[in-house]
1. Which one is nearest to Met107 (Cα to Cα), of the residues in segment 283-333 that are of a type in the set (A, V, I, L, M) and outside any helix (DSSP H, G or I)?
2. Report whether or not Leu158 is in contact (Cβ under 8 Å) with a residue 24 or more places away in the chain, out of contact with any Pro (no Cβ under 8 Å at 6 or more places or on another chain) and crowded, with 18+ Cβ neighbours inside 10 Å.
3. Out of all the residues in segment 382-402, which are part of a helix (DSSP H, G or I) and surrounded by 15 or more Cβ atoms within 10 Å (Cβ to Cβ)?
4. In segment 129-166, what count of residues is obtained for those that are more than 26 Å from Ala311 (Cβ to Cβ) and outside any helix (DSSP H, G or I)?
5. Considering segment 347-357 alone, what residues qualify as being part of a helix (DSSP H, G or I) and either free of Cβ contacts under 8 Å to residues at least 60 places away in the same chain or over 13 Å from Leu308 (Cα atoms) (or both)?
6. Specify the residue that is least open to solvent (accessible area, probe 1.4 Å); the eligible residues are those in segment 203-238 that are basic (Lys, Arg) and without any contact (Cβ under 8 Å) to a residue 12 or more places away in the chain.
7. Against the condition β-branched (Val, Ile, Thr), at pLDDT 90 or above, open to solvent by 40 Å² or more (accessible area, probe 1.4 Å) and farther than 24 Å from Tyr148 by Cα, how does Ile38 come out, does it pass?
8. Just to be sure before I move on: is Ala224 aliphatic (A, V, I, L, M), in a loop (DSSP other than H, G, I, E, B), out of contact with any Asp or Glu (no Cβ under 7 Å at 6 or more places or on another chain) and closer than 19 Å to Gly321 by Cα in the structure I sent?
Amino acid sequence: MLLKDLKKLLGKVGPGFITGAADDDPSGVATYAQTGAIFGYNQLWLVWFTSPFMIVIQQMCGRIGMVTGKGLAGVILDNYPKSVLYVTVSLLVVANTINIGADLGAMASSAQMLLGLPFLFWLALITGSIIALEILVPYKIYSKILKYLALTLFTYVLAAFVVRLDWDEVLYATLIPHIEISAAFLLNIVAILGTTISPYLFFWQASEEVEEEVADGRIPDMGARRPCVTRQGIVEMNRDTVIGMFFSQIIMFFIIVTTAATLHASGITTIQTASQAAEALRPLAGDLSYLLFAAGIIGTGLLAVPVLAGASAYAVAETAGLREGLGKKPGRAPGFYVVIALSALVGTSLDLLGVSPITALYYAATLNGLAAPPLMALVTRIANREDIMGRFVNSRESNILGWVIVLIMALTGAALIVNLAMGL
């Protein structure tokens, strides 16, 4: 009965839920674990602070895809200079590739820690499996697999309840913002904003909303024509996005809480790898917490790496005028699937070069934080254009939230650069 109810529940959620869950990839897990280890509970307030902003930006992206029948890159290509698109897609692909490599490295390290066998064995197996699944499994089945993989994020909720927490302190830190004027504090805020409000999520959700329209027979193909969109359809997409983003932020909250209560409280403030974060929990919180944390890294990576590779593939395919879509067989969209495979393989090569996974993850998140403001400004402008969106342009509330987060992320990024330049 429980399985039947679960299938019914997951059947009601769509791209917004998958997007929100994919936001907590190993990059996010590592960034949030670093946050808890270094600053304790002091940045917990960012959970509620970032939530409305990520919701409204993702709703804009979903609406753009639904109304136009195109992915975000396709819409930019049709309405803005190509130079804007080239810069945007280049930043996206670079950040995504670094993320993929670091995510795969974190997953392989966790698998080695839990099950033994060499790191390279797990790296090759995981990379090959992800590429094969994304290329060979039909979209309708694959989207269901991603929904079930999202449930692995609950391991971080369970891990938090294994450790001993001071809930009064947690509640205070959650509700009362704490600010420090230092490069480290600013770097971490930019990293959190970058891993929470990430450009790859913008491209992924816009394209996945179109994939849903193709799968449901509302349009014959991605970019073929404008679909017929109803107010009710927009309402359902908005609700799905709220659920997905709220789910994402709940997981962020529990990862920070768990590592703050254990690693930070014990003076462990330096984490070099994601698996080290899990290993460090073992003597402090017991085997169960360690197992849950490590298993969660593998589960979130299996969900997020296909989203990262897929987002790059959608963007590159639309930029180059290639056929695209996970709903197509490889023979009908060869360039699209080649980008997916190359994204994973190039990302894997970073691990073979000995790049520190946690360093790559952390700075990829920071790169996202610096690249996101101009892209969000573009998304907000597109969502306001009646010639593109028709009657589904932004509400005043969406515009206020959209431009406020653009300003906040731009200012934090600028402040970070100034602090680093001055050596503070």
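1. That would be Leu326.
2. It is false that Leu158 is in contact (Cβ under 8 Å) with a residue 24 or more places away in the chain, out of contact with any Pro (no Cβ under 8 Å at 6 or more places or on another chain) and crowded, with 18+ Cβ neighbours inside 10 Å.
3. Passing the criteria: Ile382, Ile388, Met389, Ser398, Asn399, Leu401, Gly402.
4. Looking only at that region, the number is 4.
5. Result: Thr348, Ser349, Leu350, Asp351, Leu352, Pro357.
6. Per the criteria, the residue is Arg218.
7. yes
8. Yes; evaluated as a whole, the condition is true for this residue.
The values are calculated or read from the model by the stated rules, or taken from the named source; none is laboratory data. Not measured: the values here are computed from a predicted model. Ideal geometry is used to build each Cβ from the backbone, glycine not excepted, and the neighbour counts take in all protein chains shown. The area values use the complete protein model at the heavy-atom level, side chains included, leaving out ligands, DNA and RNA. Shrake-Rupley method; radii C 1.70, N 1.55, O 1.52, S 1.80 Å.
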